1. Among the numbered criteria (1) at pLDDT below 95; (2) in contact with a His (Cβ under 9 Å, 6 or more places away or on another chain); (3) within 12 Å of ligand 1 (Cβ to nearest atom); (4) assigned to a loop (DSSP other than H, G, I, E, B), which one does residue 138 miss?
2. Kindly list, by first and then second residue, each pair from a residue in segment 111-123 that is at pLDDT below 95 to a residue that is polar (S, T, N, Q), limited to pairs with Cβ atoms under 8 Å and residues at least 6 apart or on different chains.
3. Which of the helices (runs of 4 or more DSSP H) contained wholly in segment 36-131 include at least 3 residues that are surrounded by 22 or more Cβ atoms within 10 Å (Cβ to Cβ) and not aliphatic (A, V, I, L, M)?
4. Checking residue 47 against (1) within 16 Å of ligand 1 (Cβ to nearest atom); (2) more than 15 Å from residue 132 (Cβ to Cβ), only one condition comes out false. Which one?
5. Mind checking which residues of segment 17-44 are away from ligand 1 (no atom under 16 Å from the Cβ) and closer than 22 Å to residue 104 by Cα?
6. Counting only residues that are within 14 Å of the chain's Cα centre (by Cα), within 16 Å of ligand 2 (Cβ to nearest atom) and either hydroxyl-bearing (Ser, Thr, Tyr) or within 16 Å of residue 134 (Cα to Cα) (or both), how many does segment 52-90 have?
Amino acid sequence: MSEDIDPEYLEDVSDILTNREFLALNCFKHHYATTRLMHSMNVSYISWLLAKKLGCDAKAAARAGLLHDFFLYDPKQGRPSRELQAFCHPKVAAANSKATFDITEKEKEAILSHMFPLGPLPKTQEAWIITGADKLCACVEVFHIGIALTRSGRVVVSAA
Ligand SMILES: [Fe+2]
Ligand SMILES: [Fe+2]
């Protein structure tokens, strides 16, 4: 991690960022030019910064942002249910997050509603921040623009 990433942010998400299963998200392409791990880190860091600025629960925003796409399958190869991917993956991400990490109800709800308007209405300010940050990051990533943590050299993922 580059030194300009706020240590307070890293403290809020350190258990997630050191989990091998979670880091496997780096094996999946997401929005063409990035991996699902880098996309999740972007959403998380932007949500954390925004939540802090707005006086919201920055830790919940960072954690739910990081976990919002915690599903370990390639949707092109099939999905675990018959639902469309847009509706299916938030449920899988919430279930994986609950099974792997100590997440709060607020974090779970934010993960479940991140695809709004495809899916449930966000119920908290943090959930609104995450659904907005997800859309912003998706647009930017599709156009191959490095933002937040994907700017060159800010994050290096090691396989060990
Ligand atoms: Fe998603
Ligand atoms: Fe996403």
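1. (4)
2. 119/113
3. Details: elements: 36-54, 58-67, 85-100, 105-112.
Because the criterion is at least 3 residues that are surrounded by 22 or more Cβ atoms within 10 Å (Cβ to Cβ) and not aliphatic (A, V, I, L, M), the helices (runs of 4 or more DSSP H) in segment 36-131 that meet it are 36-54, 85-100.
4. Against the list (1) within 16 Å of ligand 1 (Cβ to nearest atom); (2) more than 15 Å from residue 132 (Cβ to Cβ), residue 47 comes up short only on (2).
5. Those that are away from ligand 1 (no atom under 16 Å from the Cβ) and closer than 22 Å to residue 104 by Cα: 17, 18, 19, 20, 21, 23.
6. 13
The values are calculated or read from the model by the stated rules, or taken from the named source; none is laboratory data. Predicted model only: the values in this text are computed from it and were never measured. Using ideal geometry, Cβ is built from the backbone for each residue, glycine included, and neighbour counts are taken over all protein chains shown.
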